[in-house]
1. Identify, from the list Val184, Val160, the residue that is within 30 Å of Val55 (Cβ to Cβ), touching a strand residue (DSSP E or B) at 6+ places or on another chain (Cβ under 6 Å) and without any contact (Cβ under 8 Å) to a residue 60 or more places away in the chain.
2. Within the group Leu27, Leu69, which residue is modelled with pLDDT under 90 and touching an Asp or Glu at 6+ places or on another chain (Cβ under 8 Å)?
3. Contact list please: Cβ distance under 7 Å, first residue in the range 114-134 and in contact (Cβ under 8 Å) with a residue 12 or more places away in the chain, second residue open to solvent by 70 Å² or more (accessible area, probe 1.4 Å) and in a loop (DSSP other than H, G, I, E, B), pairs at least six apart or on different chains.
4. Quick check on the range 173-190: of everything there that is surrounded by fewer than 18 Cβ atoms within 10 Å (Cβ to Cβ) and of a type in the set (A, V, I, L, M), which residue is farthest from Gly30 (Cα to Cα)?
5. Does Trp197 satisfy the condition of being farther than 15 Å from Arg127 by Cα, free of Cβ contacts under 8 Å to residues at least 60 places away in the same chain and either in a loop (DSSP other than H, G, I, E, B) or open to solvent by less than 50 Å² (accessible area, probe 1.4 Å) (or both)?
6. Is it the case that the range 160-172 has a residue that's within 24 Å of Gly30 (Cβ to Cβ), touching a Gly at 6+ places or on another chain (Cβ under 6 Å) and open to solvent by 20 Å² or more (accessible area, probe 1.4 Å)?
7. Tally time: how many residues in the range 45-82 are open to solvent by less than 20 Å² (accessible area, probe 1.4 Å) and among the basic types (Lys, Arg)?
8. Looking for something in contact with a Cys (Cβ under 9 Å, 6 or more places away or on another chain) and either modelled with pLDDT of 90 or more or of a type in the set (Gly, Ala, Ser) (or both) - is there at least one such residue anywhere in the range 84-102?
Amino acid sequence: METSYSFSTRAPGPPERRTQERHVKILRVGVFVVEGRRELCLIRNISAGGLMAHVYSPVKVGQQVIVELKTHEKIPGRIAWVRDSNAGVAFDMPVDIEALLANPVTLDNGWRARSPRIEVDRAATIRVDGVPNLARIRDISQSGAKIETAAKLVIDGDVVITPEGFRPIGAVARWQEGERAGIVFNEVIRLNELIAWIKSA
């Protein structure tokens, strides 16, 4: 699945509409924030004036929405149209498409760009040196998670985390402060698989 980028200042229309505008295609997963809830979405195409996304929860025309394409980057807009599982968003202000395409590893303010994360509160088991320990997942993305555990993790050491109702995932511990820790998965979890798990709670 790819995301289509356009330099047009108009918001994308429903899927069947075709244009002659120049598009660039890369994969993009984002977050919709609607009425305080955060939901992962798959951006199908985006222009300077808006985007079209595959959404996994109902939205309504006219609703205010904040779109997060990268961590610490929030774009306000409103739902312009809804068709099946797709929704169009018109941004309040045009965005810089060239900056989105650049997708820097480190942002100007020093923050590192990362996959969109969703806050959760789910039980898990984390294996450290083969020993299972209880843990709770506090937020999760396709590429990592923030957890709480009494286990002592070795920074840059290998772990295996098994979220409740999910399969084991190999990971590497990146940081730990008290019982809070951040881990990076050894694989990128498929979006549909992650969303199904989030909604299974």
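1. It is Val184.
2. Values: Leu69 fails: touching an Asp or Glu at 6+ places or on another chain (Cβ under 8 Å).
Within the list Leu27, Leu69, the selection yields Leu27.
3. Filtered contacts from the range 114-134: Arg122/Glu164; Arg122/Ala201; Ala123/Glu164; Ala124/Glu164; Asn133/Ala150.
4. Val184
5. yes
6. No, the range 160-172 has no match at all.
7. Counting residues in the range 45-82 that are open to solvent by less than 20 Å² (accessible area, probe 1.4 Å) and among the basic types (Lys, Arg) gives 1.
8. Yes, the conditions are met somewhere in the range 84-102.
The values are calculated or read from the model by the stated rules, or taken from the named source; none is laboratory data. Fair warning: this is a prediction, and the values are worked out from it, not measured in the lab. Cβ: placed from backbone, ideal geometry, glycine included. Neighbour counts: every protein chain shown. Just so you know, the surface numbers come from the protein's heavy atoms only, side chains and all, with ligands and any DNA or RNA stripped out. Shrake-Rupley method; radii C 1.70, N 1.55, O 1.52, S 1.80 Å.
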